[in-house]
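The values are calculated or read from the model by the stated rules, or taken from the named source; none is laboratory data. What you see is a predicted model; the values in this text were computed from it and never measured. Backbone-built Cβ (ideal geometry, glycine too); neighbour counts: all protein chains shown.
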Amino acid sequence: MFKDVTLGQYYQGDSLIHRMDPRVKLVGTVVYMVSLFLFSNYYCYALSAIFLLVVIILTKIPIIYMLRGLKAVLFLMVFTVVCNLFFTPGEPIFKFWILKLTMEGIQSAIYLMIRLTLLIVSASIMTLTTTPNQLTDGIEKLFKPLAIIKLPVHEIAMMMSIALRFIPILMEETDKIMKAQTARGARFDSKNIIVKIKCMIPILVPLFVSAFRRASDLALAMEARCYHGGDGRTKMKPLKYAGRDIAAYIIMFGYLGIIIALGLLRVFGIY
Amino acid sequence: MPIVTDHLTLVYGEKTNLKTIALNDVSVKIDDGQFIGLIGHTGSGKTTFLQLISGLIKPKEGTVYLDGEDIFDRNFDTRVLRSKVGIVFQYPEHQLFEETVFKDVCFGPSNLGLEKKEVELRAYEALKMVGLDDNAFYQSPFDLSGGQKRRVAIAGVLAMKPKVMILDEPTAGLDPAGRKEILGLISKLQKEQNITIILVSHSMEDVAEYVERIIVINKGKIALDGTPKEVFGHSEELKSFGLALPQVTDAMIRLKNQGINVSTDVITINEAVQELSRVLR
């Protein structure tokens, strides 16, 4: 049942983007997201889309695979687009009951759709090309300076990596439990909502039991290996910037600069 | 209730870069009342095969016939399938969820749409069959020991009165006494109730001692199929699949290589004792 969800999954590969330092990818994704929300202007969007396309080609991951990630958030997208269509104030061109369709609404719905699509695809590029471990390593290193204000950076990163690590395990477990209960005659295809909720009990109870069991096993295993938090802990593979990472930073901020320039020119009415 | 699989094929992750053929063109017939051992290396496709014949996953190609009826046919009633084919997964105690042992065992039969009385009768019988004490019936299943939990889980499937019972490594993680108990129970069921048993095991000793037919799966295909003696006669092939022989068979082969004239088609300890006393006389 979870086969089709590609959002947040890692796609094995050996491309330039895969090998890049996770910090670059994290900062890059944030920069890209910011660039999407700076201006509402089709020229900027076109540039962003081209930029994203180039990155996708560099990852060597089939585009279809990435677009499948959109399916998971389809409902959210449709919902926000519809809301924007009908609830944006402006000149109504079509009125029905409390709903009114405005020119401004159509405009902002289109903007929103472009933004969301690019946003989700860019976020899934990051997770598709970065293993959860690399990702948390990157986050830990990026936020290291915040340790000065007593933020438990290492602990947060550790919790994140454990949580991410457990997602596939728990999914597999859910699948197994569902199959076991199906074999005992449980039916999950009922249309009746109350029956449906009742059907969840034979899945959720064993799932929670196993999650707690795994958590306590893991805690024990970590303690047995003398884990005591982040102080004085060293890394087996410390993150180090390579030439390509610096080049990527330059390209990234160059891109942001061009977007800002393009947007400002538009705002001042130069073109 | 013979089960016939017809060119079963299943592929995982077909459109991704992690494509694996889990099962490749498997055709086999399983007769009534047989005690079958299914062996194969980790990842050979055993579990996939079990899930297919119990109708939990759909094949890419081919199908499964239960009593001559196609179980993947749109008009086939899955309830009939569930009541006839029971499957006990690895670590079945992980599927327990009710407040009491008794209620948990009732879950299966009540899903079959039986009357309350019949459900409770079956649950009681099943719990008796697996040899659980009466005073454990109304305990929480989570308070029981590992071996007891497993027996409760097996009772949960038994209470559905299946004609075919599939067990995926039912003795994994149990101590020797617990293993013997579970295997003895399964063997008793097969003999007394004439239930077809399909047992997956990594212990060649267990397989050699209990089953009457062994099916070896390797890389998604049936590699060997025959009586234990026939299958364990192919020692070189088994080794190439990453499987071992029963220890006594291995010992006999080594004795023979040392020039002692023993027969090597010995698979259980009792047979080994007889054979050795014959040679040493």
What are the residues in the stretch B:227-262 that are surrounded by fewer than 14 Cβ atoms within 10 Å (Cβ to Cβ) and among the hydroxyl-bearing types (Ser, Thr, Tyr), if any? B:THR227, B:SER240
Taking the stated definitions as given, is B:LEU8 touching a residue at least 12 places away in the same chain (Cβ under 8 Å), in contact with a Gly (Cβ under 8 Å, 6 or more places away or on another chain) and surrounded by fewer than 20 Cβ atoms within 10 Å (Cβ to Cβ)? no
Confirm whether A:PHE75 is free of Cβ contacts under 8 Å to residues at least 60 places away in the same chain, in contact with a Leu (Cβ under 6 Å, 6 or more places away or on another chain) and aromatic (Phe, Trp, Tyr). no
Tell me, which residue of the stretch B:48-82 that is within 22 Å of B:GLN193 (Cβ to Cβ) and at the interface with chain A (Cβ under 8 Å from one of its Cβ atoms) is modelled with the lowest pLDDT? B:ARG79
Return a yes/no flag: does the stretch B:30-48 have any residue that is of a type in the set (S, T, N, Q), in a strand (DSSP E or B) and crowded, with 16+ Cβ neighbours inside 10 Å. no
Being assigned to a helix (DSSP H, G or I) and within 23 Å of B:ARG179 (Cα to Cα) is the filter; apply it to the stretch B:83-101 and report the residue that is nearest to the other protein chains (Cβ to nearest Cβ). B:GLN95
Residue identified as hydrophobic (A, V, I, L, M, F, W, C) and in contact with a Lys or Arg (Cβ under 6 Å, 6 or more places away or on another chain) among B:ALA159, B:ALA223, B:ALA155: B:ALA159
Please give the number of the condition A:ILE139 fails out of (1) closer than 27 Å to A:MET200 by Cα; (2) buried (at least 16 other Cβ atoms within 10 Å of the Cβ). (1)
With the checklist (1) surrounded by fewer than 20 Cβ atoms within 10 Å (Cβ to Cβ); (2) assigned to a helix (DSSP H, G or I) in hand, flag the one item B:VAL207 doesn't pass. (1)
Matching option when the condition is free of Cβ contacts under 8 Å to residues at least 60 places away in the same chain, in a strand (DSSP E or B) and surrounded by 14 or more Cβ atoms within 10 Å (Cβ to Cβ), among B:GLY55, B:GLY62: B:GLY62
Subset of the stretch B:142-153 that is of a type in the set (D, E, K, R) and within 17 Å of B:LEU189 (Cβ to Cβ) - its residue that is nearest to the other protein chains (Cβ to nearest Cβ): B:ARG150
Are there any pairs, at least 6 apart or on different chains, whose C-beta atoms fall under 8 Å, with the first in the stretch B:199-227 and farther than 13 Å from B:LEU243 by Cβ and the second assigned to a helix (DSSP H, G or I) and among the aromatic types (Phe, Trp, Tyr), and if so, which? B:LEU199/B:TYR210
Within the stretch B:83-111, residues of a type in the set (Lys, Arg) and closer than 21 Å to B:LEU52 by Cβ come out as B:LYS84
State yes or no: is B:ILE253 free of Cβ contacts under 8 Å to residues at least 40 places away in the same chain and farther than 29 Å from B:LEU8 by Cα? yes
Any idea which of B:GLU93, B:GLU99 is touching a residue at least 24 places away in the same chain (Cβ under 8 Å), surrounded by 19 or more Cβ atoms within 10 Å (Cβ to Cβ) and of a type in the set (Asp, Glu)? B:GLU93
Does the stretch A:180-200 hold any residues that are within 14 Å of chain B (Cβ to nearest Cβ) and loosely packed, with under 14 Cβ neighbours inside 10 Å, and which are they? A:ASP189, A:SER190, A:VAL195, A:LYS198, A:MET200
Looking only at residues in the stretch A:144-161 that are in contact (Cβ under 8 Å) with a residue 12 or more places away in the chain and either exposed (fewer than 15 other Cβ atoms within 10 Å of the Cβ) or touching a strand residue (DSSP E or B) at 6+ places or on another chain (Cβ under 6 Å) (or both), which one is farthest from A:HIS18 (Cα to Cα)? A:PRO152
How many of the residues in the stretch B:13-71 are under 29 Å from B:GLU205 (Cα atoms) and of a type in the set (Gly, Ala, Ser)? 9
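Could you please let me know if B:ARG74 is among the charged types (D, E, K, R), farther than 20 Å from B:ARG213 by Cα and touching a helix residue (DSSP H, G or I) at 6+ places or on another chain (Cβ under 9 Å)?
no
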Residue list for the stretch B:176-204, restricted to those being within 16 Å of B:LEU50 (Cβ to Cβ), touching a strand residue (DSSP E or B) at 6+ places or on another chain (Cβ under 7 Å) and not in a strand (DSSP E or B): B:ILE186, B:ILE195, B:SER201
What number goes with the only condition from (1) more than 13 Å from the chain's Cα centre (by Cα); (2) surrounded by fewer than 21 Cβ atoms within 10 Å (Cβ to Cβ); (3) among the small types (Gly, Ala, Ser) that B:GLY156 does not pass? (2)
Filtering the stretch B:113-141 down to residues that are in a helix (DSSP H, G or I) and of a type in the set (A, V, I, L, M, F, W, C) yields B:VAL119, B:LEU121, B:ALA123, B:ALA126, B:LEU127, B:MET129, B:ALA136
Residue list for the stretch B:154-175, filter: touching a residue at least 60 places away in the same chain (Cβ under 8 Å), within 11 Å of chain A (Cβ to nearest Cβ) and either touching a His at 6+ places or on another chain (Cβ under 8 Å) or part of a loop (DSSP other than H, G, I, E, B) (or both): B:MET160, B:PRO162
Would you please name the residue that is nearest to A:GLU155 (Cα to Cα), looking only at residues in the stretch A:201-231 that are more than 28 Å from the chain's Cα centre (by Cα), more than 13 Å from chain B (Cβ to nearest Cβ) and among the aliphatic types (A, V, I, L, M)? A:MET222
